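Take a look at the structure below.
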């Protein structure tokens, strides 16, 4: 049986909902799209038993009537029944403090609404890869526009897979520098040191869930998220990477504030393309606040 993913679009602008819906329908399969004109309608729908089964994703506008997008995120994260649902905020706003607040409240990613239709298609493709685990990207590598050096921290205890992922990541761009670590203690020591030197701190963290046990990965995820909040860097994305596609693993990682959960492709020959598109989304598409 194929799971149907329910995607909730909450936006008071009917045209924007149309652009997003059409892009999703053009790119994705096995999805059910539920449109909501405000947060009240969203919260009613997302808790409706009709949509209880299967994975879910919320696309949320910030500036809406009745309940503001930021308040809506807080309400979702406070409700144990729906706190595991990833929330991607799509908004015209680009104010750094608002974006930072959105990450503190618990969004998974913040994306500025594009001007052209093709921009919505690119967002739909990125969501398909990063949140739905549908690997429908083209054979060529994604063209990452970021020119400055990007530090990626890869936490993986399987040495062969760590080497393969490092090669895949560095193949996507000459500006990507990968540091590989295999355990909890060294990871926390590394991050504590690197975030004292912002120029060498990681902008993207990839964390294997089973490190070697699930509890190790979840404990480390919580520790890193707490560290990032304490040092006021809530937008550094932590992407869980795992061979497990178990619904309980995915839901628990989202409850523990993972930004995304990506199931490792069984076709290792496609890992370079896979990670290039993953990096493209988190480096070129997602908006992050300025770091003082």
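Here are a few things to note about the model shown:
- Among the residues here, residue 205 does not qualify as touching a residue at least 60 places away in the same chain (Cβ under 8 Å), in contact with a strand residue (DSSP E or B) (Cβ under 8 Å, 6 or more places away or on another chain) and either in the same structural domain as residue 105 (by TED's automatic domain parsing) or outside any loop (DSSP other than H, G, I, E, B) (or both).
- Members of the range 41-68 that are under 17 Å from residue 9 (Cβ atoms), at pLDDT below 95 and part of a helix (DSSP H, G or I): 50, 51
- Checked against the criterion of being in contact with a strand residue (DSSP E or B) (Cβ under 7 Å, 6 or more places away or on another chain) and within 30 Å of residue 78 (Cβ to Cβ), the candidates 180, 217 yield just one match: 217.
- Residues satisfying the stated conditions in the range 255-292, i.e. under 22 Å from residue 223 (Cα atoms) and either buried (at least 23 other Cβ atoms within 10 Å of the Cβ) or touching a strand residue (DSSP E or B) at 6+ places or on another chain (Cβ under 6 Å) (or both): 258, 259, 260, 261, 262, 282
- Residue list for the range 114-132, restricted to those being outside any helix (DSSP H, G or I), at pLDDT 90 or above and surrounded by fewer than 19 Cβ atoms within 10 Å (Cβ to Cβ): 114
- If you check 161, 156 for being closer than 18 Å to residue 273 by Cβ, at pLDDT 90 or above, crowded, with 17+ Cβ neighbours inside 10 Å and more than 16 Å from the chain's Cα centre (by Cα), only one passes: 161.
- For the range 78-87, the condition of being closer than 19 Å to residue 225 by Cα and modelled with pLDDT under 95 holds for at least one residue.
- All of 186, 216 fail the test of being modelled with pLDDT of 95 or more, in a helix (DSSP H, G or I) and over 21 Å from the mean Cα position of the chain (by Cα), apart from 186.
- Which numbered condition residue 15 fails, given (1) within 24 Å of residue 279 (Cα to Cα); (2) free of Cβ contacts under 8 Å to residues at least 60 places away in the same chain; (3) out of contact with any helix residue (DSSP H, G or I) (no Cβ under 8 Å at 6 or more places or on another chain); (4) in a helix (DSSP H, G or I): (1)
- Tally of residues being more than 11 Å from the chain's Cα centre (by Cα) and either more than 22 Å from residue 171 (Cα to Cα) or assigned to a strand (DSSP E or B) (or both) across the range 244-292: 19
The values are calculated or read from the model by the stated rules, or taken from the named source; none is laboratory data. Note that the structure is a prediction, hence the values are computed from the model and not measured. Quick reminder, even Gly has a Cβ in these numbers, built from the backbone with ideal geometry, and neighbours come from all protein chains shown.
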